[in-house]
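Heads up, the thing below is written out as structure tokens.
Nothing in this text is a laboratory measurement; each read-out follows from the coordinates by a stated rule. Please read all numbers here as calculations on a predicted model, not as lab measurements. As a convention, Cβ positions derive from the backbone with ideal geometry for all residues, glycine included, and neighbour counts pool all protein chains shown.
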Amino acid sequence: MDINFLKKELSSILSKKRYEHSIRVLETAIELAKIYNIDLEKVAIAAILHDFAKEFKRDELVSISKNFFKEETEDYLDNIEILHSYAGTYIAKNKFNINDSDILNAIKYHTTGRKNMSLIEKIVYIADAIEPKRDYPHVKKIRELAFKNLDKAILVEVNNKIEYLVNENLVIHINSIEMRNWLLKNKLIGGNKL
Ligand SMILES: [Fe+2]
Ligand SMILES: [Fe+2]
């Protein structure tokens, strides 16, 4: 799959701001993929396409979710922040003929994470959270951790995210909670101390 072709397609559908974010996520994901020794092409495809549906209209997001991801999205249909990941997966599969489950899952779970994430899912998830222009509390720490210990980085990131969602009185996706519990339970972080 030609990454430049995907970039071109993306630039024609996203605003400049979101397109540039996607390019930074791509670059960050490639850096991480090199460190963690994972297929660069798969990571690149997932990273460049992760936000393809970010600016789709609400109706379109809801319709794709209801039709193709019914059970997974039925509790979250009013949350377009979550639905764009599912719509992106649909586009990867149907517009770009991507059938690789690693790539499709990395797109599908880039917003919420999930338990039992694969390495490529973790890389796209955290690259999205730490790309150089991201600016939120603890981002520096998370960015540093990502290059040393992915699981720790994700744990700090999801703790942060959950704290924010609680403070803003927003819904927490069940997958994010399960991901956090999974990281803790499996002691993937090497003890509870951060
Ligand atoms: Fe996204
Ligand atoms: Fe993103």
Across Val171, Val139, Val43, the residue with the highest GNM fluctuation in the chain (Cα network, 10 Å cutoff) is Val171
If the cut-off is a Cα-Cα distance under 20 Å, which lysines reach Lys57, setting aside same-chain residues fewer than 8 apart in sequence?
Lys16, Lys17, Lys66, Lys70, Lys93, Lys95, Lys108
Figure the gain on full extension for Glu9 and Asn37 (residue separation times 0.36 nm, minus the Cα-Cα span) and round it to one decimal in nm.
7.3 nm
Only helical DSSP H runs with n ≥ 4 go in: add -39500 (n - 2.57) per run for the chain, normalise by residue count and round the 222 nm mean residue ellipticity to 500 deg cm²/dmol.
-20500 deg cm²/dmol
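In what order do Ile45, Ile23, Ile120, Ile107 fall by count of nearby beta-carbon atoms within 10 Å, going from fewest to most?
Details: Ile45 27, Ile23 16, Ile120 24, Ile107 30.
Lowest count first: Ile23, Ile120, Ile45, Ile107.
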Only residues of region 55-94 count here: report those whose backbone N is under 14 Å from the spot 7 Å along Cα→Cβ of Leu170, or say none.
78-85
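Report the relative contact order of the chain, percent, no decimals, based on alpha-carbon pairs under 8 angstrom and at least 6 residues apart.
19
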Rounded to the nearest 20 Debye, what is the dipole magnitude of region 3-136 about its Cα centre when Lys and Arg each give +1 and Asp and Glu each give -1 at the C-beta?
280
Rank Asn99, Asn169, Asn79 by mean-square fluctuation in a GNM of the chain with C-alpha springs under 10 angstrom and give only the top-ranked residue.
Asn169
Scan the chain and note any complete DSSP helix (H) whose C-alpha atoms cover at least 18 Å along its axis and whose Kyte-Doolittle average is -0.5 or more.
16-35, 80-94, 150-167
So, counting K/R as plus one and D/E as minus one, what does the shell of residues with Cβ under 10 Å around Trp182 add up to?
+2
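Over all directions, how big on average is the projection of the convex hull of the alpha-carbon atoms in the chain, in square nanometres? All intermediate terms of the calculation are to be shown ahead of the outcome.
Working: hull surface 41.8 nm².
Taking the Cα atoms of the chain, their convex hull projects to 10.5 nm² on average.
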